[in-house]
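The values are calculated or read from the model by the stated rules, or taken from the named source; none is laboratory data. Source: prediction; values computed, not measured. Cβ sites come from the backbone with ideal geometry, for glycine too, and all protein chains shown count toward neighbours.
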């Protein structure tokens, strides 16, 4: 199972780099959906024993992260009629390089942590840190509200990955709580995106400064 877990996490890390280097917002949503779907299989792989609660968490993760939330974002894209992220605060190539450096630092840092033997054989910690850093970069270097929303989703994916290490100690209801919080957050942000686009005919968050008195 460790091989499958590491394989999934490697794909997640590669998707992180793609998210940082792509300007097409539809491709970003699709990548975030793929990432969320892959993460949905982790609870079942970490512990192969059949559990109703573990199965429900896996299904909820795939439905929310892989289907429902991406569909909400696609609807926001159609309503706003946007296709690309333009003029980010930091260019796409430099941002991707930052992401690569962050991933390397995450791997080096994780190798120094006193992890349990079973955990040390997995790349859960570096993948978690790398994904959190990717979400942070998307939140801080992009100007489109919907891209920042994807950054929020990716950041939560990183937290979810780290939670895999605590599956035995933390009840699955905590993971369900995180998923529900994420769903509510994306729902609210989708409403905000619609109002921003209707008011300013743009999703550039820099335009929000014009609301100041």
**OP:** For the stretch 53-75, state whether one or more residues are under 17 Å from residue 138 (Cβ atoms), at pLDDT 85 or above and more than 13 Å from the chain's Cα centre (by Cα).
**Re:** no
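It is to be established whether one or more residues within the stretch 112-123 are buried (at least 17 other Cβ atoms within 10 Å of the Cβ) and either in a helix (DSSP H, G or I) or at pLDDT below 80 (or both). Show your work before the answer.
Narrowing the stretch 112-123 to residues buried (at least 17 other Cβ atoms within 10 Å of the Cβ): 122-123.
Next, from what is left, pick out any that are either in a helix (DSSP H, G or I) or at pLDDT below 80 (or both): none.
No: the stretch 112-123 contains no residue that is buried (at least 17 other Cβ atoms within 10 Å of the Cβ) and either in a helix (DSSP H, G or I) or at pLDDT below 80 (or both).
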**OP:** Would you be able to say whether some residue in the stretch 161-170 is buried (at least 22 other Cβ atoms within 10 Å of the Cβ), more than 15 Å from residue 17 (Cα to Cα), within 11 Å of the chain's Cα centre (by Cα) and modelled with pLDDT under 85?
**Re:** no
Original post:
Name the pairs whose Cβ atoms lie under 9 Å apart, with the first residue in the stretch 1-24 and without any contact (Cβ under 8 Å) to a residue 24 or more places away in the chain, the second surrounded by fewer than 16 Cβ atoms within 10 Å (Cβ to Cβ) and part of a helix (DSSP H, G or I), and 6 or more positions between them or separate chains?
Top reply: 18/27
Subject >> Flag if residue 84 is more than 15 Å from the chain's Cα centre (by Cα) and modelled with pLDDT of 85 or more >> reply: no
